[in-house]
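So the structure is just underneath, and the comments pick up after that.
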Amino acid sequence: MLEIAPSVTNHQIGDVIIEMRKVEKSYGSYKVLRGINLSVSRGERIVICGPSGSGKSTLIRCLNQLEEHQAGEIIIDGTPMSAGARGIDSIRREVGMVFQSFNLFPHLTVLENCTLAPIRVRGISKAEAEATARTILKRVHIPEQAQKYPIQLSGGQQQRVAIARSLCMSPKIMLFDEPTSALDPEMVNEVLDVMVELAESGMTMLVVTHEMGFASKVADRVIFMDAGEIVEVAPPTEFFNAPQSQRTKKFLGQVL
Ligand code: ADP
Ligand code: MG
């Protein structure tokens, strides 16, 4: 039985930063998102779970326009995502994303991975970008790895570099797509601990994960998706102790 710990800190929840209204997405004739409605407030932490193929990755990829939705509205920090390309580019800078498979640049050092986008995209000087990167590498507890290449690091360290690299762009929102699924079990916690610290710092976070301990500790709301729909949304205590839908109950029976 999962122990439901109280939320990590009391924190401020602000105005709406993400608004999805009736969002639909298909691949060919196959509808992957079937009318998603979701409103996320600044500072909120959302955990998204659900069976494989339910549309979790597609949902968060639509949020930074790695995928384009075909119907409905997505508004991020006041900017509609259907606006011209410039609007979308600026939103992408504000929305960090961490993938299951790290996606670091193998030919660049840790420090270079962290400074590339701030220098190229934000136009920050190399010295300033490096100073920021070193501060953030400390925050994810790997300051001593700055000159190494990704291949020289463990999976847990690589994923912390990926988180640091995103944070170097000073995002307003962080999206995580199963960030610990590719890790050996003994490395899961070192990544989750960094994510808990990030949550405590007040970052708006949407995290696709089946780490239900993390969800119960950190999430303000847990979302359960199935077959392209949001089936249930509730604070963790309700979600785990009194799920409403049969589909949620069945899923929880499998993962807990
Ligand atoms: P989840 O992350 O919940 O496992 P996904 O969002 O990855 O689900 O996928 C939802 C559905 O969309 C799955 O049936 C998957 O096969 C399909 N799908 C995902 N990406 C593509 C794609 N690029 N082309 C065609 N089908 C896709
Ligand atoms: Mg997925």
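Every number in this text was worked out from the coordinates using simple rules, so none of it is lab data. In this text the structure is predicted, and so the values were computed from the model without any measurement. Methodologically, a virtual Cβ is constructed for each residue, glycine included, from the backbone with ideal geometry; neighbour enumeration extends over all protein chains shown.
Whole-Hz Karplus values for segment 101-114 come out as 9, 6, 6, 7, 7, x, 8, 10, 5, 4, 4, 5, 4, 7 Hz, taken residue by residue from phi with 6.51 cos²θ - 1.76 cosθ + 1.60 and θ = phi - 60°; glycine and proline positions read x.
In this structure the amide hydrogen of Gln100, modeled in the peptide plane, comes within under 5 Å of the amide hydrogens of Asp177, none closer than 5 places in sequence on its chain.
With neighbour counts taken as other beta-carbon atoms within 10 Å, the residues Thr79, Thr180 rank, fewest first, as Thr79, Thr180.
Simple point charges give the picture: +1 on the Cβ of Lys and Arg, -1 on the Cβ of Asp and Glu, and for segment 119-256 a dipole about the Cα centre of about 480 debye. If only the Cβ of Lys and Arg carry +1 and only the Cβ of Asp and Glu carry -1, the dipole of the chain around its Cα centre is close to 500 debye. Where only DSSP H runs of four or more residues are counted, the chain gives -11000 deg cm²/dmol as its mean residue ellipticity at 222 nm, each run worth -39500 (n - 2.57). Comparing Ala182, Ile46, Ala127 along the charge dipole axis of the chain, the residue lying farthest to the positive side is Ala127, per the Cβ-charge model.
When you restrict to C-alpha pairs under 8 Å that are six or more residues apart and normalise by the size of segment 38-110, the relative contact order lands at 16 percent.
Between the residues Ala162, Gln246, Val191, the greatest Cα displacement towards the positive end of the dipole of the chain, with unit charges on the Cβ of Lys, Arg, Asp and Glu, is found for Ala162.
Just to confirm a number: summing +1 for Lys and Arg and -1 for Asp and Glu over residues other than Val95 whose beta-carbon lies under 10 angstrom from that of Val95, what do you get? With Lys, Arg at +1 and Asp, Glu at -1, the neighbours total +1.
For the chain, the antiparallel share of DSSP beta bridges with both residues in that region comes to about 55%. Helix 185-200 versus the longest principal axis of the chain: what angle, 0 to 90°, nearest 10, using Cα atoms? Approximately 90 degrees, to the nearest ten. Among the lysines of the chain, pairs that are 8 or more positions apart or on different chains and have alpha carbons within less than 21 Å of each other number 13. Please give the helix 246-255 orientation as an angle from the longest Cα principal axis of the chain, in degrees from 0 to 90, rounded to the nearest 10. Helix 246-255 sits at roughly 40 degrees to that axis. In the frame of its principal axes, segment 43-133 has Cα extents of 43, 31, 26 Å, reported largest first. Take the Cα of Glu94, step 7 Å toward its Cβ, do the same at Ser154, and the gap between the two points is 3.7 nm.
Its relative contact order, with pairs defined as Cα atoms under 8 Å and 6+ residues apart, puts the chain at 28 percent. For Ile17, the residues whose modelled amide H falls within less than 5 Å of its own, excluding neighbours fewer than 5 places apart on the same chain, are Val40, Ser41, Arg42.
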